[in-house]
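To start, the structure itself, in structure tokens.
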Amino acid sequence: MNGELKFYLITDTHHYAVKDLGYSEHQDQKCLNETGAILDAAFEKFAAQSEIDIVLIAGDLSNNGEMASHLELIEKLNKLQQAGKRVYLITATHDYTYRPDGEQEGKTAVSEGGTSRAMLRGLYEAFGFREAIAEYLGDNLSYVVQLAPGYRLLCLNDDGNGRSYCGYDDSHLAWILDQIKAARESGNYIFAMSHHPVLPPSPIYPVFSKRDMLGDYEKMSTVFADAYLEFIFTGHSHMQNIGCKTTEKGNTIWDINTGSLAGYPTPIRKVTLDANALTVKTEKLDSFDWDFQGKDPQEYLRDRFDFLINDIFDSMAYDFDHFADLAGGFSMDRKTAYKLKTPIKLAGKIMQKLTLGKAGRLLFIRRKIDKSVRGLLIKDLLVEIVRNVFAGTEHYSPDTPEYRAVMAITARLAPLVRRLAKGADFARDLPGFVAQIIYDDTPDNDAVLPVSHPV
Ligand SMILES: [Fe+2]
Ligand SMILES: [Fe+2]
């Protein structure tokens, strides 16, 4: 590990070719119509500086596998390459509309204008695959590149069956472990990029849908750590998080999970790696070519993000079918949503006007709610808490009145939730669970992570 390695990383660009496909009315955390302008601004930022020439992209390149979106993105990538930047990317489950081998659940036929999984390597050959020093031929989309003398990157495709299981099968895992071993034995430090998180980006994440995690993530994180794979960059959750786990053998793995570029706060990781540490900094776009309706660009994106959460609260109360439609967006499947319909609807209705003070009074804990926050609508506080989870800024520490109020209410409601959510993991220790959501004292945006096993 002579010298240092520097690179940028973005993920979940979800590019949508609005010119070809038409204006999208879709309301989501992702800003689909804006993706082209966002990408242009990000790529111009990369091209305009000379400190870093490597750009990594961790999958979900296109909105939903539209060929037009891929082709437009590739045009932009070509331009970035012509500006002297080296791009290494992986594809993920939003990048194809069907898989010809029929393994895929859900996506069955090729829709007009779609992309098959088998086409992806050819489409993106110039952005990693061509430079591969090893490829996993059983799957065709995982590869290894030599980023610089002494530094290798494992680019892992974890599509699995594309739905109920995203991860690696046994032969894929054996190949991965071989690559780690071969790299280290030849004096190269190796780290990885895969789409699905290997450590939960928030405690709330695996609770609703484990399938959004990398398959067998508990085992996989241990296997990786014990093979001395210390850093893995992931996406998919659209959340900013830096998490770690230390195995029984005392080895640590860090998952640097990065939020979607196509929405608030347009996170861009700037990374430096040397023999001592991996240093992560997070930057965001100050602007891009768009009509922000008089707002600051970040404020515009934040309002778009908040709209989604407010829409969820409103639909909980007044339009449950719409709520079930939205549920997938935060990893709750329709079945689970309908199973919990009664408590969700009730909560939605109460939520519309409920302040922290009123909740305190109803629950006979008014004295525990500080005067300074009694007028705060719980709905608004929750919107902010959710936004903080996605942006990696869970800042309500135990000494804030907001934290104390939320925890007092949670403690009061815990027995009821335990009864309603029969046996669910999170309900066993609801206060502990909620505390982890509102406050995370490990930095998710800027951090210096130690290298324990340099080569
Ligand atoms: Fe994804
Ligand atoms: Fe995504």
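Contact map, the range 257-268: residues that are away from ligand 2 (no atom under 14 Å from the Cβ) paired with residues that are among the hydroxyl-bearing types (Ser, Thr, Tyr) and modelled with pLDDT of 95 or more, Cβ distance under 8 Å, separation 6+ or inter-chain. Pairs shown: ILE268/TYR8; ILE268/THR282. Return a yes/no flag: does the range 6-13 have any residue that is touching a Leu at 6+ places or on another chain (Cβ under 8 Å), among the charged types (D, E, K, R) and within 16 Å of ligand 1 (Cβ to nearest atom). Yes - at least one qualifying residue is present in the range 6-13.
In the range 141-166, the qualifying residues are those that are at pLDDT below 95 and surrounded by 15 or more Cβ atoms within 10 Å (Cβ to Cβ), and the one that is nearest to LEU199 (Cα to Cα) is CYS166.
The number of residues in the range 27-69 being part of a loop (DSSP other than H, G, I, E, B), of a type in the set (Gly, Ala, Ser) and either crowded, with 23+ Cβ neighbours inside 10 Å or under 16 Å from the mean Cα position of the chain (by Cα) (or both) comes to 3. Scanning the range 215-246 for residues that are charged (D, E, K, R) and either touching a helix residue (DSSP H, G or I) at 6+ places or on another chain (Cβ under 6 Å) or part of a loop (DSSP other than H, G, I, E, B) (or both) yields ASP216, GLU230, LYS245.
Checking each residue in the range 396-419 for being touching a strand residue (DSSP E or B) at 6+ places or on another chain (Cβ under 7 Å) and surrounded by 16 or more Cβ atoms within 10 Å (Cβ to Cβ) picks out TYR396, TYR403. Taken over the range 2-26, residues that are free of Cβ contacts under 8 Å to residues at least 24 places away in the same chain and within 21 Å of the chain's Cα centre (by Cα) amount to 1.
Please note which helices (runs of 4 or more DSSP H) are completely contained in the range 355-455 and include at least 1 residues that are under 25 Å from the mean Cα position of the chain (by Cα) and in contact (Cβ under 8 Å) with a residue 40 or more places away in the chain. So that I can check it myself, show each step before the final result.
On the way: elements: 356-362, 378-391, 401-420, 425-428, 430-438.
Passing ranges, in order: 378-391, 425-428, 430-438.
Residues of the range 331-350 that are part of a helix (DSSP H, G or I), under 12 Å from MET316 (Cβ atoms) and touching a residue at least 24 places away in the same chain (Cβ under 8 Å): PRO343, ILE344, LYS345, ALA347, GLY348, LYS349. Among residues of the range 139-167 that are without any contact (Cβ under 8 Å) to a residue 24 or more places away in the chain, those with a beta-carbon under 7 Å from a residue that is not in a loop (DSSP other than H, G, I, E, B) at least six positions away or on a different chain give the pairs ASN140/ARG121; TYR143/PHE129; TYR143/ALA134; TYR143/GLU135; TYR143/CYS155.
The values are calculated or read from the model by the stated rules, or taken from the named source; none is laboratory data. These numbers were taken from a predicted model, which means no experiment stands behind them. Neighbour counts run over all protein chains shown; Cβ positions are idealised from the backbone, glycine included.
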